[in-house]
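Below is one structure, written out as structure tokens; the observations come after it.
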């Protein structure tokens, strides 16, 4: 079975692929429902003495698609999702390239390091953002990067792309920023825009991906070694995990609970479609919960 066939089975696509935007939107919707965003590999047991998360395309495919062969359901962080898409989509007739982003972790915060990796598909002269790897706020539909300022709806939320100046991102903080992706928030009926990350539309060198991946997955300064993160976007809901805080957001309501031990962690992973090994559960529990297993 080819990786394309494995991918279509993994996300549950049963149609006849025709390379257009409607297909990309369907792929993305199915992708975020089936393949989680998660960083179990870099978090447990922490910074790896053996090196970075493996971005070899075959290794990424085996990890993210292995469930179709009877293996565990696993996901990954942005570079793993982008590596998978940039290997599979060209075989389905799409022109793809990578692009860097700088995450704005809090409203008004300075942009982070240039380590968020996304996929851009050029289709009919338009540049479409395809990014299933940004956790609980990732766009669940394609975003037209050439439709500046327009509100763009996805199955879960609404987005827009604006210039860095419009987003209040100073050139000194992100000199490589060409665009900023924003998410529309609705709080008590009031609408506002939150900046998620900058985008650099210049070409990406493979060596830079390797360096960024090494930092993200091994450095003690990386949030991906210090914080457990996972997300899945099901029909009508977003499910997220940040260390011990589990949330399910749907129809404007948020169900929040705090995990108390390994049994809670296993249940949360199951809801997030993460089949972590017993060794990984034990390693994560040892970091999250005083005394480890309960």
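Here is how the numbers come out for the structure above:
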{"read-out": "Only one of 263, 270 that is in a helix (DSSP H, G or I), more than 24 Å from residue 119 (Cβ to Cβ) and in contact (Cβ under 8 Å) with a residue 24 or more places away in the chain", "value": "263"}
{"read-out": "Residue 192 farther than 30 Å from residue 281 by Cα, in contact with a strand residue (DSSP E or B) (Cβ under 7 Å, 6 or more places away or on another chain), surrounded by fewer than 16 Cβ atoms within 10 Å (Cβ to Cβ) and free of Cβ contacts under 8 Å to residues at least 12 places away in the same chain", "value": "yes"}
{"read-out": "Any hit, segment 146-165, residues being in a loop (DSSP other than H, G, I, E, B), on the phi > 0 side of the Ramachandran plot and modelled with pLDDT under 95", "value": "no"}
{"read-out": "Identity of the residue in segment 90-145, over 17 Å from the mean Cα position of the chain (by Cα) and assigned to a helix (DSSP H, G or I), that ends up nearest to residue 166 (Cα to Cα)", "value": "90"}
{"read-out": "Sole residue being out of contact with any helix residue (DSSP H, G or I) (no Cβ under 6 Å at 6 or more places or on another chain) and under 26 Å from residue 256 (Cβ atoms), chosen from 158, 148", "value": "158"}
{"read-out": "Segment 86-104, subset surrounded by fewer than 19 Cβ atoms within 10 Å (Cβ to Cβ) and in contact (Cβ under 8 Å) with a residue 40 or more places away in the chain, residue nearest to residue 61 (Cα to Cα)", "value": "87"}
{"read-out": "Any hit, segment 198-214, residues being under 24 Å from residue 32 (Cβ atoms), modelled with pLDDT under 95, in contact with a strand residue (DSSP E or B) (Cβ under 8 Å, 6 or more places away or on another chain) and in a strand (DSSP E or B)", "value": "no"}
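The values are calculated or read from the model by the stated rules, or taken from the named source; none is laboratory data. Because the structure is a prediction, the values reported are computed rather than measured. A quick note on method: Cβ atoms are made from the backbone with ideal geometry, for glycine too, and the neighbour counts reach across all protein chains shown.
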